[in-house]
Each structure stands twice: as structure tokens, then as C-alpha cells.
1. Give me the extension gain from D190 to V252: residue separation times 0.36 nm, minus the current Cα-Cα distance, reported in nm with one decimal.
2. Taking a 18 Å limit on the Cα-Cα distance, which of the listed pairs K197/K288; K40/K101; K52/K101; K52/K79; K263/K293 fall beyond it?
3. What is the spin-label model distance, in nm, from I219 to V183 if the labels are put 7 Å beyond Cα along the C-beta direction?
4. Can you spot the lysines whose alpha carbon is less than 17 Å from K140's alpha carbon? Ignore those fewer than 8 places along the same chain.
5. What ranking do 298-307, 247-256, 203-212 get when scored by the average of other Cβ atoms within 10 Å per residue, highest first?
6. For a quick protection proxy, order the peptides 91-102, 131-142 by their average other-Cβ count within 10 Å, most packed first.
7. Pairs of alpha-carbon atoms within less than 8 angstrom and 6+ residues apart define the contacts here; what relative contact order does region 211-263 have, in percent?
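Just so you know, all these numbers are worked out from the coordinates, no wet-lab data involved. Since the model is a prediction, treat every value here as computed from it, not as a measurement. We place every Cβ from the backbone using ideal geometry, glycine too, and count neighbours over all the protein chains shown.
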Amino acid sequence: MEPDTVAPQPIRVTPVQQMLASCAGAVLTSLMVTPLDVVKIRLQAQHNPFPKGKCFVYSNGLMDHVCVCEEGGNKVWYKKPGNFRGTMDAFLKIIRNEGIKSLWSGLPPTLVMAVPATVIYFTCYDQLTAVLKSKLGENKTSIPIFAGIIARFGAVTVISPLELIRTKMQSKKFSYKDLHRFVSKKVSEDGWISLWKGWVPTVLRDVPFSALYWYNYEILKKWLCEKSGSYEPTFMINFTSGALSGSFAAIVTLPFDVVKTQKQTQLWTHETHKIPVPLQMSTWVIMKNIVAKNGVSGLFTGLIPRLIKIAPACAVMISTYELGKAFFHKQNAQRQQ
């Protein structure tokens, strides 16, 4: 009689290891993509200087920052002088005249906010995918869509109050006591729901983006593996799939990004100058106003700059994340043996 053989347990990457992999991906993405937006804003400021009291949205692929234009002349990174003839010329002159650190101006708030958001998002996506596959089956194509929607919805909801606080802190120096007073006052006047101001346009942009991104990413990754004859996706397969799926999702959701940018800057202007928020702050009304003023093409303003940021950001983030998970998977396999 043969002894019973116990089937080996499947090797899994733990949630903590997924968090570490996504954290590494977020930091690397921020470091690589931030210079692109710093250069873009410096070029914009050179041709059309930002007037005092106005604001603009600075985004580095992982998240947006509302920057207000204060006095300070050359002290502010986006108002530093420069005679740039183009993107590459700006890169070289900034490094030569101001030092390489200037290319990462505005990075600290990104790391403080984007890293936790990215860790929550990617870890939730993987955990949800595993649960849905166990319930619905391995080959269900709708799994990435559902997992992407729920994970992004959760990440946006958790981070939204922190976004409001961070935006407020950018306006002037706030002590923790001032910040506590501001939050308490806002909650007592407008209720807890006021901490999620700006949540709707963020969800309208980020949730469809997430669904499209993960669905196309999984499809492309599988297709590229079949074409290359690779059993496991390589770094380049992950990188290419991430860039292509991110680009497609960015194009489709761009109208909501345009609306979100307008809403953020309008909210900032009205709150800074203590003017009541007008009724036209509704997402759909802003969208109709843009179409009436500039046509449907107005909803796709800034497509090229968005793609220049989103494609490399998605590619670097997902390939680094998958590389990190592969590293931990190998470590776990060695430990099990």
C-alpha cells in the first residue's frame, strides 16, 4: 500500500510583500516621471506666466497637485527664469544652471500621498483578483474589471480627505494645531461629507481608467506571452502591456480629467478669495460648458502631455511591481523547498 502523498501548497506572494513591491514601484515611478512635468510647467510658465493668486494643476503620473501662484519671484520652482527652446534644452539648462535636484521640485508631497494610495490600490487589486478567481474561475475575463473598479473606488475614498488637507496646506504654512482647527471647523459647518469634496470627478476619472487599464493589461500580457512563446511574462512584456493599456485608458477618460482639473482650480480660486462656489461647479454642467465653448475637442485638451506622463508612469509602475512580486515569489519558493 502506497503512502498518501500530500499535494504541495501553491506558492503565494503575501499581502505585505505585495505592499513592498507596490511601494517600490510608486517611489521609482515618482522619481522617473516627476522631471517630465517639472520641465513641462517651466516651459508653460516661460511662455504664459502664471498670474499671482491663480493656480494650476501639477501632475506627475501618479497624482495631481494644485499649485497656487504666490509672490516670491525666483524662489518658486515654476517661476525660475529660463530661456528654453524646447524640452531637451530645458532639461539640460535646468541641470546645468540649477542643479539636478530642481528636476524633482514638488516631489515630497507626491511621496507622502501617492505611495500610500498606490500601496492600497495595487494590494487590493491583487487580493480581490485572487478571491474572484477562486469564486468565478481562473479564466473569467471580467475579473480584472471588477477588481480594478473596487480597488480604485476604495483607494480614492480613503485618500480623498487627505487630498483636501494637503491642498489646504499648500496655500500657506499650517501648524498641526491650525490644521486640526481647520478640519474641526469644516466638519462642524458642513458635516463629515465635506472632507470628500472633489471625490465625484476623481471617481469619474479614476474608476473607469482602472477598469479599462486592468482589463487591457491582462489581455495584452496574455497575448504578448503567446506571441513570444514565453510561459511567464517578462519585464518587457509587463512594461509594454502597462504602457499600451495606460495610454488607451488615458485617452478614453481624458474628458473627466479635463473636468476634474477645471473643478479643482475653480474650487481653489473660490475658496482662496472667499467667494461662494457657483452652481456651475456640477461635473456635468462643466462638461456641457466646455463643449459649448470649444466643441467636443475641448474635452480632449492636453491629450499629448497626458499620454507623455501616463504611458511611462503606467509602464514603470506595473513592471516594477511585477518584478518585485516575482522576486518575493522566488524567495518564498526557495524557503518552501
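1. Working: separation 62, 0.36 × 62 = 22.32 nm, distance 3.41 nm.
Stretched out fully, the D190 to V252 stretch lengthens by 18.9 nm.
2. Over 18 Å apart, Cα to Cα: K197/K288; K52/K101.
3. 4.2 nm
4. Qualifying lysines at Cα under 17 Å: K221, K222.
5. Ranked by mean Cβ neighbours within 10 Å, highest first: 203-212, 247-256, 298-307.
6. 91-102, 131-142
7. Working: 28 pairs, mean separation 23.2, N = 53.
Result for region 211-263 is 44 percent.
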